[in-house]
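S.K.: Please read through the structure below; I'll follow up with questions.
The values are calculated or read from the model by the stated rules, or taken from the named source; none is laboratory data. Since this is a predicted model, take the numbers as computed values, not measurements. Don't worry about glycine lacking a Cβ; one is built from the backbone with ideal geometry, like all the others, and counts go over all protein chains shown. Please note that ligands, DNA and RNA were not included when accessible areas were found on the heavy atoms of the full protein model with its side chains. Shrake-Rupley method; radii C 1.70, N 1.55, O 1.52, S 1.80 Å.
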Amino acid sequence: MYYIIVNPASKSGKGKLIWTNLETILTDKSVEYKVFFSKNAGHVSKLVRDICESTLSGNPDVPIDLIVLGGDGTLNEALQGITDFSKVRVGYIPTGSSNDFARDLSYSKEPEICLENILNCQNPTKMDIGCLEYNNTSDTLSRSHSDELLVKRYFNVSAGIGYDAAICEEALTSKIKKFLNKFGLGKLVYLVIALKQLLKTKNGDCVMTLDDNPGIKLSNFLFVACMIHQYEGGGFKFCPNADYTDGIIDICGVSDISKFTVLRALPKAMKGKHFKYKGIERYSAKKIKIETSTPLWVHTDGEVSYRSSSITITCLNQALQVLK
């Protein structure tokens, strides 16, 4: 039995049509499945959680085979709903705009081939995932500290604080993006927002603690990207040495750098050649704590929930079982 989650809005609204084509394959092969369609933000997490709770309560020893059709954000939502990673095997059919998870794993661009690979997979690939904890949260910069909460989110591609997360936050609420997505031009919005955010971003300071080592101060930092896979943001190879099985999070930290240099470095980052610029450094750790001088937007796989001035990120070694 396969439990299939479909984001019908993915691929600029073509997700449901793609599913219709794949359903024919499942029917022809007499594959047993149940399909669920996401309706809004957060719905995928609830669907997956309900599947896990209802299935594992009756058959705790039988693994759940879950297939997610959508983008990196849809897959991220699915992670939040998994109640026991050791009991769930995840197949993924990428139909998003960024597809950084699929890019690093060289997934086929043909959904039919992805489905065939999932159905034929006998031994799931074990991959790392990250776990981000907000040590404090803030909807806005003026939110009272008395309302601080401890919040935890998993991620499979990357998490970041600062400039990259601010781009994600604005893109998620952009009406222009929704309009351009209808014409397959959604990535243009990211370019415009990236330039806008770069101009208006006011750099602060942060202290980054790697494992149990003394803290590293990043003055006038722009962002810190903590990555399981090599790519984020639709193809930026921020951590070319990232290995999704080694139990280590690779980090790209950007600080004390002019905005002009950032503009020069970003195109180089598409090929992972950006570390030649002063102010762009690589780090790695199993556990990272980041404390900033002011609350900033934080993202996990491009999904944004809160601003925060203190987050902790850990790597869960080979916790995710992937059918591919």
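S.K.: Going through the stretch 18-40 one residue at a time, which ones are exposed (fewer than 14 other Cβ atoms within 10 Å of the Cβ) and either touching a Ser or Thr at 6+ places or on another chain (Cβ under 8 Å) or without any contact (Cβ under 8 Å) to a residue 12 or more places away in the chain (or both)?
M.R.: Within the stretch 18-40, THR20, THR24, THR27, ASP28, SER30, LYS39, ASN40 qualify.
S.K.: Being among the acidic types (Asp, Glu), open to solvent by 20 Å² or more (accessible area, probe 1.4 Å), under 30 Å from ALA242 (Cα atoms) and part of a helix (DSSP H, G or I): is that true of GLU116 here? So that I can check it myself, show each step before the final result.
M.R.: Working: among the acidic types (Asp, Glu): yes; open to solvent by 20 Å² or more (accessible area, probe 1.4 Å): yes; under 30 Å from ALA242 (Cα atoms): yes; part of a helix (DSSP H, G or I): yes.
Spelling it out, GLU116 is indeed among the acidic types (Asp, Glu), open to solvent by 20 Å² or more (accessible area, probe 1.4 Å), under 30 Å from ALA242 (Cα atoms) and part of a helix (DSSP H, G or I).
S.K.: If you take the residues of the stretch 274-302 that are of a type in the set (D, E, K, R) and assigned to a strand (DSSP E or B), which of them is farthest from GLY247 (Cα to Cα)? Break it down into steps so the answer makes sense when it comes.
M.R.: Just the residues of the stretch 274-302 that are of a type in the set (D, E, K, R), to begin with: 276, 278, 281-282, 286-287, 289, 291, 301.
Applying the additional criterion that residues be assigned to a strand (DSSP E or B) yields 281-282, 287, 289, 291.
Details: GLU281: 20, ARG282: 17, LYS287: 10, LYS289: 16, GLU291: 23 Å.
For the stretch 274-302, the residue satisfying everything is GLU291.
The rows are residues; the columns are (1) among the aliphatic types (A, V, I, L, M); (2) over 26 Å from ALA78 (Cβ atoms).
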| residue | (1), (2) |
| --- | --- |
| VAL262 | yes, yes |
| GLY272 | no, yes |
| THR292 | no, yes |
| VAL298 | yes, no |
| LEU323 | yes, no |
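S.K.: Specify the residue that is most open to solvent (accessible area, probe 1.4 Å); the eligible residues are those in the stretch 61-81 that are over 19 Å from HIS229 (Cβ atoms) and of a type in the set (D, E, K, R).
M.R.: Step one: list which residues in the stretch 61-81 are over 19 Å from HIS229 (Cβ atoms), which gives 61-67, 69, 81.
From what's left, of a type in the set (D, E, K, R): 61, 65.
Details: ASP61: 139, ASP65: 20 Å².
Checked the stretch 61-81; the qualifying residue most open to solvent (accessible area, probe 1.4 Å) is ASP61.
S.K.: Still on this structure, please answer the following. In contact with an Asp or Glu (Cβ under 9 Å, 6 or more places away or on another chain), open to solvent by 10 Å² or more (accessible area, probe 1.4 Å) and at pLDDT 90 or above, is that true of ASP139? It would help to see each step written out before you state the result.
M.R.: Numbers: in contact with an Asp or Glu (Cβ under 9 Å, 6 or more places away or on another chain): yes; open to solvent by 10 Å² or more (accessible area, probe 1.4 Å): yes; at pLDDT 90 or above: no.
No.
S.K.: Just to be sure I understand, how many residues within the stretch 47-70 are more than 18 Å from the chain's Cα centre (by Cα) and in a helix (DSSP H, G or I)?
M.R.: 11
S.K.: For the stretch 256-276, enumerate the residues that are among the β-branched types (Val, Ile, Thr) and buried (at least 17 other Cβ atoms within 10 Å of the Cβ). Before the answer, list the steps.
M.R.: Looking only at the stretch 256-276, we keep the residues that are among the β-branched types (Val, Ile, Thr), and these are 257, 261-262.
Listed by number, the residues that qualify are ILE257, VAL262.
S.K.: Filter the stretch 1-52 down to residues that are farther than 19 Å from ILE82 by Cβ and polar (S, T, N, Q) and give me whichever is modelled with the lowest pLDDT.
M.R.: Ranking the qualifying residues of the stretch 1-52, first place goes to SER12.
S.K.: How many residues does the stretch 202-255 contain that are surrounded by fewer than 23 Cβ atoms within 10 Å (Cβ to Cβ), assigned to a loop (DSSP other than H, G, I, E, B) and modelled with pLDDT under 95?
M.R.: Here the count works out to 5.
S.K.: For the stretch 17-38, name all the residues that are closer than 21 Å to ASP50 by Cβ and within 27 Å of the chain's Cα centre (by Cα). Working first, answer last.
M.R.: From the stretch 17-38, those closer than 21 Å to ASP50 by Cβ are 19, 32-38; that's our starting set.
TRP19, TYR33, LYS34, VAL35, PHE36, PHE37, SER38, listed by residue number.
S.K.: Every residue in the stretch 1-17 that is in a helix (DSSP H, G or I) and open to solvent by 30 Å² or more (accessible area, probe 1.4 Å), please.
M.R.: From the stretch 1-17, those in a helix (DSSP H, G or I) are 10-13, 15-17; that's our starting set.
Correct list: LYS11, SER12, GLY13, LYS16, LEU17.
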